[in-house]
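The values are calculated or read from the model by the stated rules, or taken from the named source; none is laboratory data. This is a predicted model, so every value here is computed, not measured. Using ideal geometry, Cβ is built from the backbone for each residue, glycine included, and neighbour counts are taken over all protein chains shown. With ligands, DNA and RNA removed, areas are computed over all heavy atoms of the protein, side chains included. Shrake-Rupley method; radii C 1.70, N 1.55, O 1.52, S 1.80 Å.
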Amino acid sequence: MDGLGERATALERRVMPEEGLDQLVRALARRGPVYGPVRQDGATVYGEVEGAQDLDLRCTPFTYSPKALLHRPRQVLFRAERAEGFVPREPEEDGRMSIIGVRPCDMSAIAALDQVFSQEYPDPYYQRRRQNALLAAVNCVEMAEHCFCTSMGTGPGLAAGFDLLLTRLEHGWLVEAGTEEGCAVLKEVESRTATDRDLQEKEELIRKAAAGAKKQLQTEGLPGLMRDRFEDPVWKERREECLGCANCTSVCPTCFCYDAYDVVNVKGDKVERTRCWTGCPVVDFARVHGGNFRSDRGERFKQFAYHKLCYWKDQFDRLGCVGCGRCMTWCPAKIDIAETAQSFRRGGEAR
Amino acid sequence: MSRHAANPLKPEPAVIKAIRQETYDTTTYTMGFREGERANRFSFEPGQFNMLTLWGIGEAAISLSSLPGGNGTFDHTVRSVGDVTNALRRLKVGDTVWARGPYGTPWPLKEARGRDLLIIAGGIGLAPLRGVIQAVTSRRSDFGKAELLYGARTPADLLYTTEFDDWRRGGLSLTLTVDAVPEGARWEHNVGVVTTVMDRATVRPGGGVVMVCGPEIMMKFVVKELLARGFRPGEIFVSLERRMECGVRVCGRCQFDGRFVCRDGPVLPYSDIKGRVGTML
């Protein structure tokens, strides 16, 4: 079954002791900055880490997903100066980086973003950061309140796409390397060859985690079901609840929409063309001269829900939701798109 | 899909070669790229658009309003309503605009070959259709009937009035209408929204292609009238306007239903829109 990650394709499987994690972070740090989940102001966010002591690898929904490290919340596209005839220069490239602690659901989200940013016109800004990123994922051994990766086939175990994949065993860490570079990093860490027992322990941990899923969203035929229920009265309720704050699209690991604008210095001779995340709940999102195609807040919220659970399938042949649960966790109105969609299976009333 | 290696968001310099004031708020700029192969040959099809940059002001999606010129030139007819379009007004011949494109789907000129063509435009909506008219009037024998129904708010809002005679000589039948005629203005044509002149069209369902461009609310009613007259959704083409930051299917702003207007459109057969959400049509 997808999401259990039992058959993770790995070049090498090793077990490191508890303190091996610190060695691993330091080995990664020798290659460039390492970003991982850290506690900050009462929430878990991605920040730069120097050693294992900085990491928060509990299975909690991080406020921001690794999306922010690949599709930057604010990205200078070009710098142009009057003195140079405004010939645009691209910003300097960032070097190698590692992202540690990437959850299976977020790995699936990165795969979704890879699709978005590598279409007919590949986006060089995303591509560069993505190619520069070593991904050290971590399997989930427990489920948080809003997790529904088991429904989306994206977790709690990871099968592919990683450079390194960690699983916390009772004694130490199982580390699987999926790429040559992952193997190279692993060589710099004290470890022993993994045994069948270690792999069985991993499988058991993931299976137990999956069994602990509290939320469910049946995805079979979901895009069609969503279309059938486009005028369902439940959307009127959601309209009344939604504050239009766009927390959902900010924390969503697959939301990619952006706004682009020129930032000009006071003298008006230096320009930074900049792009910045935006989202469909924002009032101006679909505004054109003379009108706004989604002036109604309810329509804007529906665009978010429908893009994730319906339209994405048309666009990229998969759903745009990975079941991370962030949108509902960080929604001030506690709107739950999975529960709303699931309610259609029950034929009606939902929260 | 072919993949483009260069930075797709990077505009290139284009020089303004001619400026023509069309109305009190609308101007046509003839431009040509300054450097590279495209300086002499910039190929595109009517219906497609460019992203135009004025550094420090921003970037905007603007439709191409001509056929490719023999010397690599292209036209943009711009109504001054936003930051970029207002700033464009301050430019003179010889000034530089930065451009990238062409993007989006063209009008189905190839499909219209040998068949009748009915063009229905409202206001600035005639701009993306001007290249179609240029193609039809210059290769008139390639097409059957060619009719234009064009509506604007007032006589002063009509675009390309100096070209109407050429278009007529080229074999295009023109029907003009305005919503209102201000006191003292001369007007010999119809008064009323564009749907009030639809019965003057002689193109019939099954005979050809209908191209519609204008404000979405206008297109909504035009499509409704066309369907009532027996036209099938697959023979009606419309051009949608949406906010765009990229033109290359990434910024997400132009989405309706599962479509990106910048790449799946802007020109779409009505059959691709019918039953989908997110448009007025």
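With K and R counted +1 and D and E -1, the other residues having a Cβ less than 10 Å from that of B:I133 yield a net charge of -1.
Carbon and sulfur together cover what percent of the accessible area of segment B:26-73 at a 1.4 Å probe radius? Of the solvent-accessible surface of segment B:26-73, carbon and sulfur hold 44 percent.
Shielding of peptide A:112-119 by partners, expressed as the average count of other chain Cβ atoms within 10 Å per residue Cβ, is 2.
Hey, can you find the accessible area per residue of segment B:12-103 for me, probe 1.4 Å, expressed in square angstrom?
Values: 3530 Å² over 92 residues.
For segment B:12-103, the solvent-accessible area averages 38 Å² per residue.
Panel values: chain A, Kirkwood radius from alpha carbon pairs, Stokes-Einstein at 10 °C and 1.306 mPa s, translational diffusion coefficient 74 µm²/s. For the pair segment B:117-153 / segment A:74-149, the C-alpha centres are spaced 45 Å from each other. For a straight C-alpha distance cut-off of 24 angstrom, the lysines reachable from A:K334 (same-chain residues fewer than eight places away being disregarded) are A:K67, A:K214, A:K215, A:K236, A:K302, A:K308.
Leaving ligands and nucleic acids aside, the B/A contact buries around 3900 square angstrom of accessible area in total at a 1.4 Å probe radius. Remark: C-alpha extents of segment A:23-76 on the principal axes read 30, 29, 17 Å, sorted largest to smallest. The mean sequence separation of alpha-carbon pairs under 8 Å and at least six residues apart, normalised by the residue count of segment B:1-158, gives a relative contact order of 25 percent.
A Gaussian network model of chain A, with springs between Cα atoms under 10 Å, assigns the largest mean-square fluctuation among A:F62, A:F293, A:F301 to A:F293. Comparing mean-square fluctuations of B:L117, B:L109, B:L129 from a GNM of chain B with C-alpha springs under 10 Å, the top value falls on B:L109. Taking every Cα-Cα distance in the protein assembly as shown and sorting them into 20 Å bins starting at zero, the pair-distance distribution P(r) comes out as 18, 44, 29, 9, 0 percent.
Regarding segment A:30-157, what's the average projected area of the Cα-atom convex hull, expressed in nm²?
On the way: hull surface 41.1 nm².
Here the figure is 10.3 nm², rounded to one decimal.
Compared with the dominant Cα axis of chain B, that is its longest principal axis, helix B:127-138 is turned about 70°.
For chain B, dividing the convex hull volume of the Cα atoms by the residue count gives 135 Å³ per residue.
Between B:N190 and B:L227, what's the calculated FRET efficiency when r is the beta-carbon distance and R0 is 35 Å? Round to 0.05.
Values: r = 22 Å, r/R0 = 0.63.
E(calc), rounded to 0.05, equals 0.95.
GNM on chain A, alpha-carbon springs under 10 angstrom: the most fluctuating residue among A:E203, A:E170, A:E299 is A:E170. Treating each Cα of segment A:189-314 as an identical point scatterer and summing with the Debye formula, the log10 of I(q)/I(0) at q = 0.14, 0.18, 0.20 Å⁻¹ comes to -0.82, -1.07, -1.22. A compact globular protein would have a Cα radius of gyration near 2.2 N^0.38 Å; the ratio found for segment B:12-103 is 0.96.
Just the number, please: carbon plus sulfur as a percent of the accessible area of segment B:109-273, 1.4 Å probe, no ligands or DNA/RNA counted.
On the way: 3050 of 6250 Å².
The value for segment B:109-273 is 49 percent carbon and sulfur by accessible area.
The simple spin-label model puts a point 7 Å past each Cα toward its Cβ; for B:T202 and A:E188 those points are separated by 8.1 nm. The phi torsions of segment A:13-30, fed into the Karplus equation with coefficients 6.51, -1.76 and 1.60 and a -60° offset, translate into couplings of 10, 9, 10, 10, x, 3, 6, x, 4, 5, 4, 5, 4, 5, 5, 5, 5, 5 Hz, rounded to whole numbers, with Gly and Pro shown as x. Taking the square roots of five times each eigenvalue of the Cα gyration tensor of segment A:156-223, the equivalent ellipsoid has semi-axes of 28, 17, 8 Å, listed largest first. Counting only DSSP H runs of at least 4 residues, each contributing -39500 (n - 2.57), and dividing by the residue count of chain B, the helix-based mean residue ellipticity at 222 nm comes to -4000 deg cm²/dmol.
For segment A:246-351, what are the per-bin percents of Cα-Cα distances with bins 10 Å wide, up to the bin holding the maximum? The calculated distribution, bin by bin, is 13, 37, 30, 13, 5, 1, 0. The HN-Hα couplings worked out from phi for segment A:247-264 by the Karplus form 6.51 cos²θ - 1.76 cosθ + 1.60 (θ = phi - 60°) are 4, 4, 6, 5, 8, 4, x, 10, 4, 10, 4, 9, 10, 10, 7, 9, 9, 10 Hz, whole numbers, x standing for Gly and Pro.
Ignoring everything except DSSP H segments at least 4 long, calculate the 222 nm mean residue ellipticity for chain A; use -39,500 (n - 2.57) per segment, divide by total residues, nearest 500. Walk me through the numbers before you get to the answer.
Details: 14 runs with 109 residues, N = 351.
Helices in chain A give a 222 nm mean residue ellipticity of -8000 deg cm²/dmol.
Working from Cα positions, state the angle (0 to 90°, nearest 10) between the long axis of helix B:216-228 and the longest principal axis of chain B. Its long axis makes an angle of about 40 degrees. Put one equal scatterer on each alpha carbon of segment B:47-173, apply the Debye formula with no solvent term, and list log10 I(q)/I(0) at q = 0.17, 0.21 1/Å to two decimals. Taken in order of the listed q values, log10 I(q)/I(0) reads -0.96, -1.31.
Tell me, what is the Rg over Rh of segment B:109-273, with Rh the Kirkwood radius over Cα pairs?
On the way: Rg = 16.0 Å, Rh = 16.5 Å.
Answer for segment B:109-273: 0.97.
Going by accessible surface with a 1.4 Å probe and the largest first, A:H307, A:H146, A:H171, A:H289 read A:H171, A:H289, A:H146, A:H307.
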